[in-house]
Every structure is written in structure tokens, then in C-alpha cells.
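To start, the structure itself, in C-alpha cells.
A short reminder: the numbers here are calculations on the coordinates, not readings from a lab. Given the structure is predicted, the values throughout are model-derived calculations rather than measurements. FYI the Cβ positions are ideal-geometry reconstructions off the backbone, even for glycines, and counts take in every protein chain you see.
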Amino acid sequence: MISSSKTPDVLISEVGPRDGLQSVKATMPTADKFRWIDALVAAGLREIEVCSFVPAKHLPQMADAAEVVRHALTHPGVTVMALVPNARGTEAALKAGVHKVTIPVSASAAHSLANVRRTREEMIEEVRAIVRLRDEIAPGVKIEAGISTAFGCTIQGEVRSEDVVWVASECIAAGAEEAGLSDTTGMANPAQVRRLFNKVRAAIGDKTGAAHMHNTRGLGLANCLAAYDVGVRTFDSSLGGLGGCPYAHGASGNVVTEDLVFMFEAMGINTGVNLEKLLVARAPLMAGLPGEPVYGMTPEAGLPKGWTQAALAG
């Protein structure tokens, strides 16, 4: 556990156990998921998206979602998150005891229909239903809308910034506490990231949530830094860049947590994450998914000679 009492400057939200595991064909055994989550917590990660509540017939990788949540809840001080696509999934997540749910709402009309078979307007209504359900069952649980395809769509191409701002604003009006922006297709660039986060912040203020960037075209870290420059302080990432990418063969999907932490810490921006212990957390991941490729420049290169971490310097 991190010994420094200094409050982190940014929050690294680890999404590998959900976004990563549901993107690979193999299913990680439940016991290995437990060991992986334990290692992530030991490294100092304080927000982890541990699963998604979807029918097991669609995503067998998530069949043990409730078990995984119960195990994650044994770690005090960790925000346990789950992705929920609808009210039914939300009810299961709330009963399992999650602290926070995230709902994917697409800014692309075409992607929304292809991904969840609902229009954007119908998904916004689903957010309202989820908020009502949360208020009835577990009023302390936070709700985040993840605005997917915010920076471009492989089906329709360009996604207008006006559409992104509209969807984010409607989700907040529906009762979500935050609306973050997701580069679902890895099409974002730093200038676009700055412009769009600024526009969204102008519309919803401090309810602007996380930056969820992909490294499909090698711009993941650059886009995270661009988001940081315009005030974003929560960043989604995945240990080892787990998840691959269906849009670019051989490219990693999510931003690699190890590289993201290294970038911020090297800049003197405190993440609250112990990088050496984070590198150790790759072992249970690789043991649970033998043969699955993992990514990361920092793990390959190692830490620089004389490395001193800001999070430890306190």
C-alpha cells in the first residue's frame, strides 16, 4: 500500500477486469480475477471497474460478476465499479453492492443502434430508469454516463461535437452524476480532445467525467495529456493494455495503466499508485490468461536508473 499521505493529483480508474476481460476470447478463472484485483489494490489503485452485468450467454467472461464484486468489496477504500447496459443489469449490480455504475451511451446514432439496438434517445430514457432504480434501492451509489464514440465512429465516420455535448447534457439532466468521454474507436487526436472536453465542460461544468482513451493509433497517452491540460483529472486505463483492438490488428486497445502512471509520475503529477507494485500486478493477469498478449512500453524498458516516484516522495 502507498505510504504517502499526499492526496493524488489524478485518479487512475483501472478498467482491465471489465473492459479488458470482456474483449478477449478466453475466460479468466474467478480465483485468478480475485488475485489480480488484490494485486491492483496492493499497487494503490483506488477505483476499479471489476465487471459488467450482462447476460452470461452474451458475455460468459462476466458470468461471475456478483462474486467478483463481493470479493472486491473486501478491500476498504476502493471504489468498486461495474458497467451496466440497462435497468436489469443495474438491479443486479446494486444488489451485489457496487459503489458506482457506468452506463455506455453512444454519441453516434449509428453506433447506438448497432451496439445496443436502441436509439440515443431511448438510451437517455434508460439512464432515467436507472437513476430511479438507484434512488429506490441504493441511493448512495454514483452513476456515470460514458459517452462512447465521442471522437468518431467506424460506422458513420465523423461524430459532431454538438451531438456529444447534447448526449452528455441529456445524461446529466436524466440524473447521472458524471458524463465522461470515450474514444471507443481510437480515432481521437490531442487537439480534438482539448476542444471537445472544453465544450462539454462549458455545458455541464464539474460533472464532466473521465477520459477513456484507446491506443489504437498510438495516441492514447498524448490524448490523456491533452485531457489533463484542459482540466480532466480521472483517466480510465487497463493493465497491460488488455483487450486488444478489433479496429486495428496488432494494436493495443485501452491505454496501458503502467505507461499512464509512469507518464504522470515522471512529470511530478501524483497518481497515488506505486509503479513498481503495478508492474508486479502483471503476473496474476498473465497467469490467469496464459498466452494472451499484453502491452506496455514501461514494463519492457524498465524504470529509469535512480527512479524516484512522486507518490512515494510525498
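At-a-glance table
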quantity: Gained length - Met297 relative to Ala92, 0.36 nm times residue gap less alpha-carbon distance; calculated: 70.0 nm
quantity: Gain upon complete extension [Ser169, Ala129; 0.36 nm per residue less C-alpha separation]; calculated: 12.7 nm
quantity: The range 146-170 and the range 184-206: distance between their alpha carbon centers, rounded to Å; calculated: 10
quantity: The chain - charge dipole about Cα centre, Lys and Arg +1 at Cβ, Asp and Glu -1, debye rounded to 20; calculated: 100
quantity: Considering only the chain, percent of DSSP beta bridges that pair antiparallel, nearest 5; calculated: 5
quantity: Counted charge near Ala39, where neighbours are those whose Cβ lies closer than 9 Å (Asp, Glu -1; Lys, Arg +1); calculated: +2
quantity: Length added when fully stretched, Glu136-Trp307, from 0.36 nm per residue minus Cα-Cα; calculated: 56.6 nm
quantity: Flagged links, alpha-carbon separation over 31 Å, of Lys6/Lys100; Lys199/Lys305; Lys95/Lys207; Lys33/Lys305; Lys25/Lys207; calculated: Lys199/Lys305; Lys33/Lys305; Lys25/Lys207
quantity: Where GluC sites (Glu not before Pro) in DSSP loops with at most 16 other Cβ within 10 Å are excluded, longest remaining stretch of the chain; calculated: 1-157
